[in-house]
1. Inspect the stretch 148-168 for any residue being part of a strand (DSSP E or B), touching a helix residue (DSSP H, G or I) at 6+ places or on another chain (Cβ under 9 Å) and touching a residue at least 40 places away in the same chain (Cβ under 8 Å) and give the result as yes or no.
2. What number of residues in the stretch 1-19 are closer than 19 Å to residue 79 by Cα and without any contact (Cβ under 8 Å) to a residue 12 or more places away in the chain?
3. If you go through the stretch 23-35 one residue at a time, do you hit one that is in contact with a helix residue (DSSP H, G or I) (Cβ under 9 Å, 6 or more places away or on another chain), over 28 Å from residue 182 (Cα atoms) and surrounded by fewer than 12 Cβ atoms within 10 Å (Cβ to Cβ)?
4. Report, ordered by the first and then the second residue, all pairs with beta carbons closer than 7 Å, sequence separation of six or more or different chains, a first member in the stretch 49-72 that is at negative phi and touching a residue at least 12 places away in the same chain (Cβ under 8 Å), and a second member that is loosely packed, with under 15 Cβ neighbours inside 10 Å and outside any helix (DSSP H, G or I).
5. Name the residue that is surrounded by the most Cβ atoms within 10 Å (Cβ to Cβ), counting only residues in the stretch 171-190 that are in contact with a strand residue (DSSP E or B) (Cβ under 8 Å, 6 or more places away or on another chain), more than 20 Å from residue 11 (Cβ to Cβ) and without any contact (Cβ under 8 Å) to a residue 40 or more places away in the chain.
6. Please tell me if residue 140 is within 30 Å of residue 30 (Cα to Cα), touching a strand residue (DSSP E or B) at 6+ places or on another chain (Cβ under 7 Å), at pLDDT 90 or above and not in a helix (DSSP H, G or I).
7. Restricting to the stretch 58-110, name every residue that is outside any helix (DSSP H, G or I) and surrounded by 17 or more Cβ atoms within 10 Å (Cβ to Cβ).
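The values are calculated or read from the model by the stated rules, or taken from the named source; none is laboratory data. Model, not experiment: these values are computed from the prediction. Neighbour counts are summed over all protein chains in view; Cβ atoms, including those assigned to glycine, are modelled from backbone coordinates with ideal geometry.
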C-alpha cells in the first residue's frame with residue numbers, strides 16, 4: 001500500500017520513502033521557444049477569413065514549427081505520466097490519492113498553467129485503469145480530508161496551514177516533517193484503518209508474491225508426462 005500526494009513543486013510524494021517524483025514542467029521549458037515562434041508567425045502573412053486571404057508559405061512553415069514544439073511537449077508529458085503510473089500500478093496493490101478539485105484550480109489564474117502542465121487529472125485517470133489491469137485497487141480520499149493539516153504521528157489537526165509553509169510542525173507531539181510527505185503518510189494511514197482485518201493483501205497487484213502451485217505454472221496439463 002502507498003499514499004501518493006500530488007503537488008506542483010514535487011509532482012508526487014510517496015508514503016513509503018520512495019524517491020520523490022519531481023515535476024518536469026515541460027510547458028515551462030518550452031515557453032521561451034514557443035514565444036519566439038509565435039512572434040515569427042505574427043510577422044508573416046497569415047490567413048484572413050474576412051478577405052479570403054491565403055497564408056504564405058513562410059507562415060505555414062513557421063506555424064508547423066510551432067505545432068511541432070506543442071506536439072513534443074505533449075508527448076514528453078504523456079511519457080512521464082505513463083512511466084510514473086505504470087511503475088506504481090505494477091508495484092503496489094493499493095494506491096491512495098486525494099480527490100483534487102482540478103477544475104477549481106484551473107480557475108485560479110496563478111495556478112492554472114502549472115496545474116494543467118502537471119496533469120493531476122490524467123494521473124488519476126491512468127491509475128484508475130492501470131490498477132484494475134494489474135489486479136490492484138485505487139482508493140480516493142475525500143476532497144475535504146485534511147491530509148496536510150493532520151499530524152501523521154499523533155493525528156492532531158492544525159487549524160490553519162498556509163501553502164507557503166512547506167514544513168509541518170506539530171504543536172502536540174513535536175513532529176517536524178515535510179508537508180507533502182506528511183500528507184502522503186496520512187493518505188496511506190487513512191486506508192489502512194479501513195481495510196484492517198479485511199484479509200491479506202498481496203505485495204503487488206499482479207500477485208507476484210504468490211507461490212507457484214506444485215503442479216507447475218501451466219496447471220495439471222503442464223505436469224502430465226508425455
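1. No, the stretch 148-168 has no match at all.
2. Matching residues across the stretch 1-19 total 1.
3. no
4. Hits for this filter: 56/45; 59/45.
5. 175
6. Judged against the criteria, residue 140 is not a match.
7. 92, 93, 94, 95, 96, 97, 98, 100
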